[in-house]
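**Student:** Below you'll find the structure I mean.
The values are calculated or read from the model by the stated rules, or taken from the named source; none is laboratory data. The structure presented is a predicted model; accordingly, all values stated were derived computationally and were not measured. So basically every Cβ, Gly included, is an ideal-geometry build from the backbone, and we count neighbours across all protein chains shown. Just the protein is used for accessible areas: all its heavy atoms, side chains included, with ligands, DNA and RNA removed. Shrake-Rupley method; radii C 1.70, N 1.55, O 1.52, S 1.80 Å.
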Amino acid sequence: MAEDELAAFRNRWKRELWSPKEEQRLVPSPSLSCESHARDENDDASRGQSELKPERSAGVGEPGYVSIARGLLGGRTSPLLDRLAEERSKRKKKYQDETAACRESLKPPQKKVKEGEQLVDQLILDLNEANDIPFFDMDLPYELALKIFQYLNRTELGRCAQVSRAWRTLAEDGVLWFRLCVAEGQGRGALVSDSPCWKAALRDRRNAAASVRANWKNRVGCISQLQFELGKVLCDVGSCDNYVLAGYSSGDVRLWNTLHWDLPSSHLKSNQLSALSEPRPPVTLVRVAGNVAAAAYRDGCVDVWSTRTGGDPIYHHQAAEIHRALALSPDGSVLASAVHSEVRLDGADDRGAWRMLTMTRLAKPVHSLALVPGNRGWRRRALTAVAAGESVYLLDEHEESRTLHSVYGHPVTCLESSQRHVAFGVRRGGWAMHDAGNKIHVYSLETGAAVACVGDSPGDFTCLHLGGGNAPHMMACGNKDRRVRVLDLRSGACVSSLYAHHLGVTSVRADDWKVVSGGGEGLLCVWDMRMGSKLWEMHNRHPVRHVRFDSRTLLTANVPDDKTPRGACITDDDLTAHRRHRGVICHYDFSGVSADDGGGGGVLPICRSDYDQSHGYNYNITLAVPYDRLR
């Protein structure tokens, strides 16, 4: 502590020590003394006037009892005189004591100031020498004190670290910060000894998260296009974690790994029947989850591959008609496919061999499927939610189907499921036009009971997304009335209503602070949910059919509606589609990780392209040496 700061500290302590005491002594004492002094003067004045009054002389021949009465009335008898003298002496002594106290308070307290200086000096010395806190060093063991500190958060630990050296040692213990890292999703499966400083690791992670969030808002990052250069049209796109799967009208299926850009896309071979047919049937649906990828063709075939090995399919089955819906469980253990009104479940056994689990026929054609994985709790097997006509069914691989919801005349328009709930949009039409409007019903998968009925829109709901992670009670939905709504399932209220897509909303996803939506006109919008404002947008000529994002990346797919366009010129016999008709898959990376960090996320696409790829040179960048010499 510097000398000037120490002197200012002492002066402030002196004022705080003595100013209140002086005010207490000076303020009440004069008032009391003045009041008592005035009262005594009034008493003395009245008493003097009574004593100075001339006494009436006794008349001649006046009886004795008359003179005694006059003496009693005048107060000159001995008992009364003694009492008056005693009261007068008490008031006089009290007045003298109060006057002395006032005089003492007006004198400068030289002796008190000296004692105050000694106390302040001793306090400063104690603060400078306070290196240990006896409460944690002597009375409690270190392990017990550490158990007390484990209930504190980051802010409280930082405040405790400023108390003393002993508290700082406890507050910066590696076990405490390792638990905080695990609680925030970092270091799962790691040990305390894996990092020399978990506090620094958590600080770096939070700084990186703040930087990524700023990049999201300002659209600062790297954009990559996953193109298949064979002149065919994109039919469907699926994604999961770092895998992106795309199916084309040529019958080809491509798989990309966004974590390893140096590796080329994997060409997944089709089954022998589809490969030998000419022309090859186009792909209609693709799905990828876990370590499994699946694709359905127009001829009714379904192929299943392993994302680790690729190449030839590990499982295949054939149907008589085109598949209307295809779904994979999040862990990739069960595949659900629907042909007209039949729902088929296929899965792997304990040895890894795939087989058919069950086949169920419903009353009406299937509209959509959603698979929920099994767990160790109330449900041990995969559960399938199926929307067919006006009904929603729950199918178990070993149990009969049960109807979850069914109202005549109210068809289901969209379906979405999470770990605990299933949500679907219902259209109000026909005789039900007097009702409030189109609704979204949310049911619990554990009990089968209705949880909420939210939404009130004149248009049909087209897409849903049940929130997870930090916002499990939030749900985002898209509608044909051009609006994106964010609903709170607890209260049923609309938290935010966003207007953007003039051809209707085709896909939507949301997290705790942002919403990403795509429309039929090809517009992609990123919204700030709390502010209700648009952060940025991107446009493409084809509808946005697929959107998925995490904290660092965003994947979008614009899939054309017309899968068989003509060539570059309408008079050409070549059916090779022009580039503008093929559709596009865009991958946005907002992490800003450089190549030196091992991620390759912030590297421009030109630095990841090959020499023979023309689209890698579509940048206004001048290289000092030819690009082929840099490799």
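**Student:** Do you know which residues across the stretch 538-554 are in contact with a Lys or Arg (Cβ under 7 Å, 6 or more places away or on another chain) and outside any strand (DSSP E or B)?
**Tutor:** 541
**Student:** Can you find even one residue in the stretch 454-472 that is part of a strand (DSSP E or B), in contact with a His (Cβ under 8 Å, 6 or more places away or on another chain) and open to solvent by less than 10 Å² (accessible area, probe 1.4 Å)?
**Tutor:** no
**Student:** Take the residues of the stretch 555-575 that are part of a loop (DSSP other than H, G, I, E, B) and open to solvent by less than 50 Å² (accessible area, probe 1.4 Å): which is modelled with the lowest pLDDT? Full working, then the answer.
**Tutor:** Narrowing the stretch 555-575 to residues part of a loop (DSSP other than H, G, I, E, B): 559-575.
So of that shortlist, the ones also open to solvent by less than 50 Å² (accessible area, probe 1.4 Å) come out as 559-560, 565, 567.
Numbers: 559: 94, 560: 93, 565: 78, 567: 58.
Among them, the one singled out is 567.
Here's the yes/no breakdown for (1) more than 28 Å from residue 5 (Cα to Cα); (2) at pLDDT below 85; (3) surrounded by 13 or more Cβ atoms within 10 Å (Cβ to Cβ):
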{"position": "110", "(1), (2), (3)": "no, yes, no"}
{"position": "134", "(1), (2), (3)": "yes, yes, no"}
{"position": "159", "(1), (2), (3)": "no, no, no"}
{"position": "181", "(1), (2), (3)": "yes, no, yes"}
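**Student:** Pairs needed: first member in the stretch 173-197, part of a helix (DSSP H, G or I); second member anywhere, of a type in the set (Lys, Arg); C-beta distance under 8 Å; at least 6 residues apart or different chains.
**Tutor:** As it stands, the answer is 174/199; 177/199; 180/154; 181/205; 182/188, since those pairs meet every condition given.
**Student:** Could you list, in sequence order, the residues of the stretch 509-551 that are of a type in the set (Phe, Trp, Tyr) and either within 13 Å of residue 496 (Cβ to Cβ) or open to solvent by less than 10 Å² (accessible area, probe 1.4 Å) (or both)?
**Tutor:** 513, 527
**Student:** Among the numbered conditions (1) in contact with a strand residue (DSSP E or B) (Cβ under 8 Å, 6 or more places away or on another chain); (2) open to solvent by 20 Å² or more (accessible area, probe 1.4 Å), tell me where residue 305 comes up short.
**Tutor:** (2)
**Student:** So, one more: Could you list, in sequence order, all residues of the stretch 158-172 that are under 16 Å from residue 144 (Cα atoms), without any contact (Cβ under 8 Å) to a residue 24 or more places away in the chain and among the aliphatic types (A, V, I, L, M)?
**Tutor:** 171
**Student:** Can we say residue 491 is open to solvent by 40 Å² or more (accessible area, probe 1.4 Å), within 23 Å of residue 288 (Cα to Cα), modelled with pLDDT under 90 and among the polar types (S, T, N, Q)?
**Tutor:** Spelling it out, it is not the case that residue 491 is open to solvent by 40 Å² or more (accessible area, probe 1.4 Å), within 23 Å of residue 288 (Cα to Cα), modelled with pLDDT under 90 and among the polar types (S, T, N, Q).
**Student:** Looking at the stretch 212-247, which of its residues are open to solvent by 10 Å² or more (accessible area, probe 1.4 Å), touching a Leu at 6+ places or on another chain (Cβ under 6 Å) and under 16 Å from residue 584 (Cβ atoms)?
**Tutor:** The answer is 236, 239.
**Student:** What residue, among those in the stretch 397-421 that are free of Cβ contacts under 8 Å to residues at least 24 places away in the same chain and open to solvent by less than 30 Å² (accessible area, probe 1.4 Å), is nearest to the chain's Cα centre (by Cα)?
**Tutor:** Checked the stretch 397-421; the qualifying residue nearest to the chain's Cα centre (by Cα) is 410.
**Student:** For the structure I just gave you, tell me whether residue 209 is in contact (Cβ under 8 Å) with a residue 40 or more places away in the chain, open to solvent by less than 60 Å² (accessible area, probe 1.4 Å) and not in a loop (DSSP other than H, G, I, E, B).
**Tutor:** yes
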